[in-house]
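The values are calculated or read from the model by the stated rules, or taken from the named source; none is laboratory data. A quick note: this is a predicted structure, and the numbers were derived from the prediction, not measured. Note that each Cβ is placed from the backbone with ideal geometry, even for glycine, and that neighbours are counted across all protein chains shown. The protein model used for the area step is the full one, side chains on, heavy atoms only, and it has no ligands, DNA or RNA in it. Shrake-Rupley method; radii C 1.70, N 1.55, O 1.52, S 1.80 Å.
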Amino acid sequence: MQYVIRETKLAFSLAIQSIWERQLRAYVLGCARELRPAEDLQSKIERADWEKLQKFFISLRGIELRAFPSFDVLDILQNLGSAARHGDGGSAKKLIRQCPDLWAHLPEALTNGIAPFDYRTVAMLDVPVDRLKGFAEAVAGFWEDAEYIYNESIEPKDAHLEARLAKERLQRKWIPQRP
């Protein structure tokens, strides 16, 4: 039963990651169509891996994904999604370094004296429910931040938007700095 529960939580992680990635690709693609209509970037964006997608984002939006407070959690989510899809490869190894706690449930006898990459597999990881909630919150937080950045970029702003942004600036935990 524990195996089924672990696999179910991994499936939820994969679902959250898939939705996030689909949303991000659609957003980046929309930016490319609007900001660079003469360039045919659609197939490149659709096939881009996580690193290339980050490069498209900065080139189109002028801010790095790494600048967002949610990035570290979203990066973990991306590695987890890739590991869930593809198994014990490069993303799984990154995940072991990022989140060794996902294997905290393993018995000490199994891990004693053995190198981390030798015994930790995707099939053995256990995603806590709080981590699942954190993934969903990071995705939502990213989109709230992206909307704020977009609204700040509108020129000229009407009085209603300016008043809303003035109020939001006082409440926000993060205000991106202009390059």
Selection from the stretch 167-179 of residues that are in a loop (DSSP other than H, G, I, E, B) and of a type outside the set (Val, Ile, Thr): Arg172, Lys173, Trp174, Pro176, Gln177, Arg178, Pro179
Could you list, ordered by first residue, the pairs with Cβ atoms under 9 Å in which the first is in the stretch 2-13 and without any contact (Cβ under 8 Å) to a residue 24 or more places away in the chain and of a type outside the set (Lys, Arg) and the second is open to solvent by 60 Å² or more (accessible area, probe 1.4 Å) and not in a helix (DSSP H, G or I), at least 6 apart or interchain? Gln2/His105
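Only one of Ile149, Ile96 is of a type in the set (A, V, I, L, M), at pLDDT below 95 and under 27 Å from Pro176 (Cα atoms). Can you tell me which?
Numbers: Ile96 fails: under 27 Å from Pro176 (Cα atoms).
On inspection, the qualifying residue turns out to be Ile149.
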Of the residues in the stretch 141-166, how many are assigned to a helix (DSSP H, G or I) and open to solvent by less than 50 Å² (accessible area, probe 1.4 Å)? 11
